[in-house]
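Colleague: Before I ask anything, here is the structure I am working with.
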Amino acid sequence: MNELEELEREARKLEPTANERKTVREGVVNYTERFINEIETIPAFEGERKASEVFLNSPVSEEPMALPQVLSMLEKGLDEPGLNPASGGHLGYIPGGGIYYSALGDYWADITNRYAGIFFAGPGAVRMENMLIQWTAELAGYPKTAVGNLTSGGSIANLSAIVTARDSKKITSDKIKKAVIYLSAEVHHCVFKAIRIAGLGECVVRHLPLDDCYRIKPQELESLISADKQQGLIPFLVVASAGTTDTGSVDPLQAIGEIAAKHKLWFHVDAAYGGYFLLTEYGKKVLKGIELSDSFAIDPHKSLFLPYGLGMLIVKDKEALYNSHYYQANYMQDTLGANEEVSPADLSPELTKHFRGLRLWLPLKLLGLKPFRAALNEKLLLARYFYDEIQKLGFEVGPYPELSVVTYRFIPKSGDANAFNKWLMEGVQKDGRVFISSTMLDGKFMLRLAVLSFRTHKSTIDILLEQLRSLTMGK
Ligand SMILES: *Cc1c(COP(=O)(O)O)cnc(C)c1O
């Protein structure tokens, strides 16, 4: 009894008092308020400063640390070095920004610690998540019977899709070496990772020929499938991209969907980057045909501007996703029978998971869709504006931006073009007001502009244009 009392006294410190909560909350809120208020002037990239040693020098220990010291460690160790993904100046890779209300959604979700794995335990949380999945499914023209899962990101969504395709098409171990997957070399690398993790590394993987805009040529897909069937192979999956990472190109989804249906292939669309452009009239036209797919991955932490940590998988055939992911265990027997609503635990590898729905639901409710649509249309226009302006500065450009990525490079009067463009990129990064990245296209070092942060506006693009103008002057 004495031991229990003693342990309780110490253990109760895990529940801070109202005053303690207030002090820490205010410390964190003050810091994050300052961060947002200064977001337009703090650098998008800080490459000079080395990763701080503060975390390594402060091991986890028995005794607590005082708040001011903790806050200063965070400021020094976390937010000073490297890329600042919250900045509107982030124009590399695929940015998004991080909508403020998502953080408050996470705050609420963490404090109430609602369980969003099984309908029986968290009916409200599960229903909210399913409603958001349904909304996204309908946006893509999927039927009401479609199901899905809120994932940590696009990589996991693609992985679950590929596992589902494998099982649905009955690619058992005896068939793997004859099974064929069709995709473009421009597909995101997480798809190749997913193929390997799903045990499909020994499948035949065909890289489809691409047109001048780095999109799959559908006629070639059809003839490859026919030739493979004649050889006794088992074509079972085609992956298309709705927005490639390199160039933002959208594969011809309609034509690929028709061919996949004809040959009974699983058709998966990786729309991790471009999916929510479906909220725009233009995007709906470009992504036409996504409704023919069997599954798609889409990232609210990209084209809905949320902070990192939210992707989504949608699958048309409920049974297929369920068959690949459900499991029943003795200790879960109480949860059976609550079949009114599908449960995330039956449709994904996760059991206990973060209640991710609230970080999407709260901003959508508090802001409405209008500003999201406007921001997406703004990004499309900004990419086209940059595409026009950069040519006026004498740059060579890649394909016309189908969504919001532009590739471009400068050919100097003398010297190696690849080395020069690398130097250009480093010059922009060193300045740090904006951040750009690069890629290789047909052996050429290309600079990339990816406009997708909700904080990126015309003035941001003008900073980059001015930097590129001055860096290439006389070259
Ligand atoms: C970002 C991205 C992914 C990977 O998604 P994560 O959310 O980073 O895991 C997959 N495909 C495309 C086209 C992407 O842009």
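The values are calculated or read from the model by the stated rules, or taken from the named source; none is laboratory data. A quick note: this is a predicted structure, and the numbers were derived from the prediction, not measured. Methodologically, a virtual Cβ is constructed for each residue, glycine included, from the backbone with ideal geometry; neighbour enumeration extends over all protein chains shown. Accessible surface areas use protein heavy atoms only, side chains included; no ligands, DNA or RNA. Shrake-Rupley method; radii C 1.70, N 1.55, O 1.52, S 1.80 Å.
Colleague: Cβ-Cβ distance below 7 Å, separation of 6 or more or different chains: which pairs start in the range 183-197 with a residue that is under 18 Å from G257 (Cβ atoms) and end on one that is part of a helix (DSSP H, G or I) and within 10 Å of the ligand (Cβ to nearest atom)?
Modeller: As it stands, the answer is L183/V191; V191/N158, since those pairs meet every condition given.
Colleague: Can you give me the number of residues within the range 246-275 that are within 12 Å of the ligand (Cβ to nearest atom) and part of a helix (DSSP H, G or I)?
Modeller: 1
Colleague: Could you identify the single residue in L347, L382, L351, L360 that is surrounded by fewer than 18 Cβ atoms within 10 Å (Cβ to Cβ) and either in the same structural domain as G117 (by TED's automatic domain parsing) or more than 22 Å from G117 (Cβ to Cβ) (or both)?
Modeller: None of the others qualify; the one that does is L351.
Colleague: If you take the residues of the range 100-129 that are away from the ligand (no atom under 16 Å from the Cβ), within 20 Å of the chain's Cα centre (by Cα) and crowded, with 23+ Cβ neighbours inside 10 Å, which of them is farthest from K430 (Cα to Cα)?
Modeller: E129
Colleague: If you check N377 against the conditions, is it in a helix (DSSP H, G or I) and either at pLDDT below 95 or of a type outside the set (A, V, I, L, M) (or both)?
Modeller: yes
Colleague: Of the residues S58, S87, S102, which single one is outside any helix (DSSP H, G or I), closer than 25 Å to L452 by Cβ and among the polar types (S, T, N, Q)?
Modeller: One residue alone meets the criteria, S87.
Colleague: Has the range 215-230 got any residue that is part of a helix (DSSP H, G or I) and either within 16 Å of the ligand (Cβ to nearest atom) or surrounded by 24 or more Cβ atoms within 10 Å (Cβ to Cβ) (or both)?
Modeller: Yes: one or more hits.
Colleague: When residues of the range 205-235 are filtered for being touching a Leu at 6+ places or on another chain (Cβ under 9 Å) and either touching a residue at least 12 places away in the same chain (Cβ under 8 Å) or polar (S, T, N, Q) (or both), how many remain?
Modeller: The qualifying residues number 12.
Per-residue answers, yes or no, for (1) open to solvent by 10 Å² or more (accessible area, probe 1.4 Å); (2) touching a Lys or Arg at 6+ places or on another chain (Cβ under 6 Å):
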site	(1), (2)
P412	yes, yes
N421	no, yes
L424	no, no
V434	no, no
M440	yes, no
A450	no, no
K458	yes, no
S470	yes, no
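Colleague: If you check V191, V163, which single one turns out to be in contact with a helix residue (DSSP H, G or I) (Cβ under 8 Å, 6 or more places away or on another chain), away from the ligand (no atom under 12 Å from the Cβ) and assigned to a helix (DSSP H, G or I)?
Modeller: Within the list V191, V163, the selection yields V163.
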